[in-house]
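The values are calculated or read from the model by the stated rules, or taken from the named source; none is laboratory data. Remember, it's a predicted structure, so these values are computed and weren't measured experimentally. All Cβ positions, glycine included, derive from the backbone under ideal geometry; neighbour counts span all protein chains shown.
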Amino acid sequence: MKGKEWTVDEERQLRKNFEDGRSLREISTMLEKSPEAVRAKLKRLGIEVDKRPSTVIRLSTSNVILPEELISLEDTLKTLVAALKMSCSSGLTKLEIHRLQVVAMLVKTYSEKLPVYLNLRGLEQRLFELESKYSDLAKKTLSKKVESDPSSA
């Protein structure tokens, strides 16, 4: 199914936002397009998406590279299972035990926050759809009003 055509202004915004380092998800939200449509349009424009450097943030003394996409809940739970299995090993050092505890805590937090985030993203997408439908309806109503009473325009 093909979506609505890209305007020149949308293409300009796409290029600028991508060059400014915004994620495909951020750009797709701003332009009210799917991330797949944004990626495909960049490719058609000859822009290589995967060549852009990743966003890096600083946490204490370490640099952390932010992923483009979120980890699935399944992959998160697999990490937890791996940590659980490893914690059953004998001869772990205190540092290894501490790291496994941190991994377990992070997985727990992530698995609690991911559904909340996904729900909010779903609500946001629904809001964009409703705004678009409302705008279309307002335009149709206005055009019908003009057709029925040209003097009101």
Does at least one position in the stretch 126-133 carry a residue that is among the charged types (D, E, K, R), over 20 Å from the mean Cα position of the chain (by Cα), in a helix (DSSP H, G or I) and within 18 Å of Leu80 (Cβ to Cβ)?
-> no
Listed residues Lys4, Lys51; which is surrounded by fewer than 17 Cβ atoms within 10 Å (Cβ to Cβ) and either farther than 18 Å from Glu129 by Cβ or at pLDDT 90 or above (or both)?
-> Lys51
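For (1) part of a helix (DSSP H, G or I); (2) under 23 Å from Gln125 (Cβ atoms); (3) modelled with pLDDT of 80 or more, each residue gets a yes or a no:
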site	(1), (2), (3)
Phe18	yes, yes, yes
Val38	yes, yes, yes
Lys41	yes, yes, yes
Ile47	no, no, yes
Ile57	no, no, no
Asn63	no, no, no
Leu70	no, yes, yes
Ala82	yes, no, yes
Gly91	no, no, yes
If you check Leu14 against the conditions, is it more than 19 Å from Ser132 (Cα to Cα), at pLDDT 90 or above and not charged (D, E, K, R)?
-> yes
